[in-house]
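Okay, so here's the structure we're looking at.
The values are calculated or read from the model by the stated rules, or taken from the named source; none is laboratory data. Just so we're clear, the structure is a prediction, and the values are computed from it rather than from any experiment. Counting neighbours? That spans all protein chains shown, and the Cβs are built from the backbone with ideal geometry, glycine included.
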Amino acid sequence: MSDIILQIDGKEVTAREGATILDAARSIGISIPTLCNHEKLEPHGGCRVCSVEVDSRGRTSVVAACLYPVEQGLVVRTRTDKLERIRQALVEMMLAHAPDSEPLQELAREYGADKNCFEKERSFCIHCGLCVRYCAEIKRANAVGFIDRGARKEICFIPEIAAKECWECKECFPLCPTSALQAAFVLCKALTFPDAGR
Ligand code: FES
């Protein structure tokens, strides 16, 4: 594999082919916020707080740093007014679902997001998919998945699988960026009322 040389926030970076912008930025100590990224999981591109600006082949665009592969000569900016506004709006939307989430509150302080900007819809789930992907990719159990679509989308444990797999595991709980207790609650609900929500 050949090395790729690119520029991030004015610094030249050498990255291996196939690495993402997020990998390359971290390798030189540049921090990009993430919510749905996990080093052991395939990138998902769900939260978009890792958005960065790239200049490639004469065009400027906004891409997800956790998904976008490094390219020779790519110019990346991780902090611009436009990106600050995008992150602020994304955090405000997610705060409507999980206003007490510590990681979201931290991002809100950093990007000046107002947690009262949108009407509260306390679903707690911000659709990062960390629990779903961890259970599928690492545990290979598929005990938790998404149900419904759009604003009504939420996680759901599959009672038949969860009853066998989850009590000894619970490794997805601490991954949740909104509340580990929420995952515990959804799991208990699935096991106590297995026919609810079907
Ligand atoms: Fe990149 Fe969520 S961390 S989209």
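Number of residues in the stretch 77-95 that are outside any helix (DSSP H, G or I) and surrounded by fewer than 19 Cβ atoms within 10 Å (Cβ to Cβ) equals 3. Modelled with pLDDT of 85 or more and either among the aliphatic types (A, V, I, L, M) or not in a loop (DSSP other than H, G, I, E, B) (or both): does that describe PHE185? Spelling it out, it is not the case that PHE185 is modelled with pLDDT of 85 or more and either among the aliphatic types (A, V, I, L, M) or not in a loop (DSSP other than H, G, I, E, B) (or both). Among the residues making up the stretch 84-103, those that are out of contact with any Lys or Arg (no Cβ under 6 Å at 6 or more places or on another chain) and away from the ligand (no atom under 13 Å from the Cβ) are GLU84, ARG85, GLN88, ALA89, GLU92, MET93, HIS97, ALA98, ASP100, SER101, GLU102.
Note on the stretch 25-46: among residues that are over 14 Å from GLU137 (Cβ atoms) and near the ligand (Cβ under 7 Å from one of its atoms), the one that is surrounded by the most Cβ atoms within 10 Å (Cβ to Cβ) is LEU35.
Restricting attention to the stretch 98-145, the residues that are in a loop (DSSP other than H, G, I, E, B) and among the aromatic types (Phe, Trp, Tyr) total 2.
Filtering the stretch 64-76 to residues that are more than 9 Å from the ligand (Cβ to nearest atom) and surrounded by fewer than 18 Cβ atoms within 10 Å (Cβ to Cβ) leaves PRO69, GLU71, GLN72, GLY73, VAL75.
Conditions (1) buried (at least 18 other Cβ atoms within 10 Å of the Cβ); (2) over 15 Å from the mean Cα position of the chain (by Cα), marked per residue:
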position: HIS97; (1), (2): yes, no
position: GLU110; (1), (2): no, yes
position: PHE118; (1), (2): no, yes
position: LEU130; (1), (2): yes, no
position: CYS135; (1), (2): yes, yes
position: GLY150; (1), (2): no, yes
position: LYS153; (1), (2): no, yes
position: LYS164; (1), (2): no, yes
position: TRP167; (1), (2): no, yes
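Of all the listed residues (THR20, THR78, THR34, THR60), the sole one being free of Cβ contacts under 8 Å to residues at least 12 places away in the same chain and among the hydroxyl-bearing types (Ser, Thr, Tyr) is THR60. The set of residues in the stretch 2-52 being more than 20 Å from GLU102 (Cα to Cα), at pLDDT below 95 and small (Gly, Ala, Ser) consists of SER2, GLY18, GLY45. Acidic (Asp, Glu), touching a Ser or Thr at 6+ places or on another chain (Cβ under 7 Å), at pLDDT 95 or above and not in a strand (DSSP E or B) - does that describe any residue in the stretch 57-72? Within the stretch 57-72, one or more residues are acidic (Asp, Glu), touching a Ser or Thr at 6+ places or on another chain (Cβ under 7 Å), at pLDDT 95 or above and not in a strand (DSSP E or B).
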